[in-house]
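Scroll down for the structure; my scribbles are underneath it.
The values are calculated or read from the model by the stated rules, or taken from the named source; none is laboratory data. Here the structure is a predicted model, which means the values were calculated and not measured. Here the Cβ positions follow ideal geometry from the backbone for every residue, glycine too, while neighbour counts run over all protein chains shown. Accessible surface is based on the protein model in full, side chains and every heavy atom, while ligands, DNA and RNA are left aside. Shrake-Rupley method; radii C 1.70, N 1.55, O 1.52, S 1.80 Å.
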2 protein chains.
Amino acid sequence: MFRSADDFLASLEGVPQPDTNAMDLARARQGELTKPPGSLGRLEDLAIWLAGWQGTARPTIETVDVVVFAGNHGVTARGVSPYPSSVTAQMVANFKAGGAAINAICTAFGHRLKVIPLALEHPTGDVVDGPAMTEAQCLAAINAGAEAISDDTDVLILGEMGIGNTTIAAALAAATFGGGGGDWAGPGTGLDDDGVRHKVSVIDRALTRHVSECRDPFSMLQSLGGRELAAIAGAVARARTRRLPVMLDGFIATAAAATLTRANADALGHCLAGHVSAEPGHKRLLDRLDLTPLMDQGMRLGEGTGAALAVTILKAAAATHSNMATFAEAGVSDRED
Amino acid sequence: MFRSADDFLASLEGVPQPDTNAMDLARARQGELTKPPGSLGRLEDLAIWLAGWQGTARPTIETVDVVVFAGNHGVTARGVSPYPSSVTAQMVANFKAGGAAINAICTAFGHRLKVIPLALEHPTGDVVDGPAMTEAQCLAAINAGAEAISDDTDVLILGEMGIGNTTIAAALAAATFGGGGGDWAGPGTGLDDDGVRHKVSVIDRALTRHVSECRDPFSMLQSLGGRELAAIAGAVARARTRRLPVMLDGFIATAAAATLTRANADALGHCLAGHVSAEPGHKRLLDRLDLTPLMDQGMRLGEGTGAALAVTILKAAAATHSNMATFAEAGVSDRED
């Protein structure tokens, strides 16, 4: 666990890099497999990328862990979501009973699912009036994320549930990359145009209130929240120290992870973008992070659902790369030229 | 099996339609599931589509069958591929030994895989000089496809292997939708610009030779070939009579299926486009067929690999749709408005 805000921030400096030797070996292997060179397209790049982070020429994906963090937000009192904040706890119960979309997807693909509610009965502070969390609360949330990673995970997916959290994610995106509420806010779970305009004004007031505090990832998360976003940031930071690949989900998970780049522009080298969500700010975030999403299904549910589906592409990349026969092994003729 | 060319063509008239009652029930169910309306994006449309073809409000995908047909082509004597045609049989051996990309993907996702070589020792005729097949040969190839469908399949994927078959697929695409070799030919397994120019000229000569014979799907397949493309067309046609959903793979599989639209514009209503391949003619084919691919990974390998990966999206669509709890079941509050 991180002992303090400074310890968390220090972990983002001098982060481990991918194993370039393993990547070179993987690149060479790609040229020997029984297929025309390049014919697996992006799967070939993914396999080489994965080789770097796993430190082996033949990477594998056996265990995919999806961890869903839930939090409540004081800002919901300002009417930024069409759903009441009581839905957060109700959805946590739904996750635990196996009834949500992320349950169905994890079951379909054999992913492990962990659900971590974070002090739902104590919403974060209303960010228009003051900080979302105390320093201790923020550190606890970051550590809840860092400690949620199992030892035997091959790929980590971080999901979230929290009524009101697209408002917070938009504020964090603005704090990270500049701009205001109008640049980053969207309909979320289903606001109409008037609702989005109101949401933009709430975000802009929060940004004005906290502009001097948004100096680094920790202070941004403490000021704006929320607990589930801090947990995702903590998990992504810890995953990097372990060289564990992360597949990012949608707007909220990506906004949480993006805060880390304020401490180190290279902080997300171990992250892939699983998909691009229908929430318009997500594409802008991915562009700023120079991440190309693996797919676009028009999803905007969160919970980790987009990444939990898209990780099948990474799994196929590893399976083809590591399990196919070479031309020599299979006795197949290579090109004539 | 189809008893004759006429029997095959007759099967394409008056094809079964999706069950609109099941689709209406599925659409209603989507509105009751514990998620914001529309938040699963295209997965919601896919689930409703699948409900129509399976004839149930809660469709399921348990068994995915991938059937790979292999054939050899006389046109390879004209130097249209950088690989020797002996590679077709070598790759069939590789499929049977489990060493190819499609093996790795099927194993990763639990798909069943069947490999059907079609008279590899007897390549089809050189289409520049004459017909690819006799009527009896073409009917046998179509029936090899129709008879490859298992009774317990939920989704059918048709793959192919055949050195030289992008040349044949381009000729079929031109015969189906018009245009010449230059509109439909691409680098295939890896031709350079000169190679593509030569391929275009070979295709144009074949089209000129067979223009008067390309009246209907059977005559097109008989004239231009090849056995594996005729088998795919036969399987797609038979799947429709059984209302069995098909996920199309790349340029070659799509070109084979597209021939059926010359008999009935609605012949491919039971088909989805799994992906768009890097072979440039594939996007043009999908546009003409009004099919929106589920993903784009820059793949261009064939063997069914793109569809075998993309079917995970359809699987996720069915799993979320049929296995999620409703708001009432989960005790989750719906929107406040």
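On a 0 to 90° scale, report how tilted helix B:227-241 is relative to the longest principal axis of chain B, with both axes built from alpha carbons and the result rounded to the nearest 10.
Here the helix axis deviates by roughly 30 degrees.
Between copies, how far does the label point of residue A:212 sit from its twins, in nm, shortest first, when each point is 7 Å from Cα along Cα→Cβ?
9.0
Just list whichever of A:114/A:199; A:35/A:283; B:96/B:315; B:35/B:315; A:315/B:114 have alpha carbons separated by over 28 Å in the model shown.
With Cα atoms farther than 28 Å apart: A:114/A:199; A:35/A:283.
Looking at the stretch A:311-328, which residues lose a minimum of 30 Å² of accessible area between their chain alone and all protein chains in place, measuring with a 1.4 Å probe and not counting ligands or nucleic acids?
Those residues are A:312, A:313, A:315, A:316, A:319, A:320, A:324.
Taking chain B as a Gaussian network, where each spring joins two C-alpha atoms under 10 Å apart, which residue of B:57, B:170, B:141 fluctuates the most?
In the Gaussian network model the winner is B:57.
Treating the angle as unsigned and between 0 and 90°, give the value, to the nearest 10°, between the Cα long axis of helix B:305-323 and the longest Cα principal axis of chain B.
20 degrees
Return the residues of the stretch A:83-98 for which accessible area with all protein chains present is lower than in the chain on its own by 30 Å² or more; set the probe to 1.4 Å and exclude ligands, DNA and RNA.
A:83, A:84, A:90, A:91, A:94
Restricting to bridges with both residues inside the stretch A:61-314, how much of the DSSP beta-bridge set is antiparallel, in percent to the nearest 5? Numbers along the way, then the final one.
Numbers: 0 of 20 bridges.
DSSP beta bridges in the stretch A:61-314 are roughly 0 percent antiparallel.
Sorted from largest to smallest, which semi-axis lengths in Å does the alpha carbon gyration tensor of the stretch A:274-316 give for its equivalent ellipsoid, taking the root of 5 times each eigenvalue?
17, 13, 7
As a test, work out the antiparallel percent of DSSP beta bridges whose residues both lie in the protein assembly as shown, rounded to the nearest 5.
5 percent
I need the Kirkwood Rh of the protein assembly as shown: take the reciprocal of the average 1/r across all distinct C-alpha pairs and report it in angstrom.
26.0 Å
Any idea what the residue A:122 label distances to the other copies are, label 7 Å down the Cα→Cβ vector, nm, shortest first?
Spelled out, the distances from residue A:122's label point are 8.0 nm.
Quick check for me: using +1 on Lys/Arg Cβ and -1 on Asp/Glu Cβ, what's the dipole size of the protein assembly as shown about its Cα centre, in debye to the nearest 20?
Taking the Cα centre of the protein assembly as shown as origin, the dipole is about 120 debye.
Suppose we consider the axis relating copy B to copy A; can you name the residue of B with the nearest Cβ and state that distance in angstrom as an integer?
Value returned for chain B: B:312, 2.
Summarise the accessible area of the stretch B:61-314 (1.4 Å probe, protein heavy atoms) by the percent that is carbon and sulfur. Before the final figure, lay out the partial values.
Values: 3710 of 7530 Å².
Of all accessible area on the stretch B:61-314, carbon and sulfur atoms account for 49 percent.
In debye, nearest 20, what is the charge dipole magnitude of the stretch B:61-314 about its Cα centre with +1 on Lys and Arg Cβ and -1 on Asp and Glu Cβ, if you could check?
140 debye
Only protein chains counted, 1.4 angstrom probe. Which residues of the stretch B:278-304 are at least 50 Å² less accessible in the assembly than when their chain is isolated?
Output list: B:297, B:300, B:301.
Most fluctuating residue of A:41, A:71, A:110 in a GNM of chain A with Cα springs under 10 Å: which is it?
It is A:41.
Taking chain B as the reference, fit the longest principal axis to its C-alpha atoms, fit the long axis of helix B:165-177 to the helix C-alpha atoms, and give the angle between the two in degrees, 0 to 90, nearest 10.
70 degrees
Beyond 20 Å, what percent of the Cα pairs of the stretch A:42-163 remain? Show your work: numbers first, answer last.
On the way: 4077 of 7381 pairs.
Value for the stretch A:42-163: 55 percent of Cα pairs lie more than 20 Å apart.
Looking only at B:289, B:314, B:25, which one moves most when chain B is put into a Gaussian network model with springs between Cα atoms under 10 Å?
B:25
What total accessible area, in Å², is buried where chains B and A meet, using a 1.4 Å probe and rounding to the nearest 100?
The summed interface area works out to 4300 Å².
Can you tell me the accessible area per residue over the protein assembly as shown, all protein chains present, probe 1.4 angstrom, in square angstrom?
Accessible area per residue, the protein assembly as shown: 33 Å².
Only helical DSSP H runs with n ≥ 4 go in: add -39500 (n - 2.57) per run for chain A, normalise by residue count and round the 222 nm mean residue ellipticity to 500 deg cm²/dmol.
-14500 deg cm²/dmol
Across chain B, what fraction of all alpha-carbon pairs, as a whole percent, falls in each successive 20 Å bin from zero upward?
With a bin width of 20 Å, the distribution comes to 33, 54, 12, 1.
Once you have the Kirkwood Rh of the stretch B:183-236 from its Cα pairs, apply Stokes-Einstein at 10 °C and 1.306 mPa s and quote D in µm²/s.
128 µm²/s
Once both labels are modelled 7 Å past Cα along the beta-carbon direction, what's the residue A:107-residue B:213 spacing in nm?
Rounded to a tenth, the inter-label distance reads 5.4 nm.
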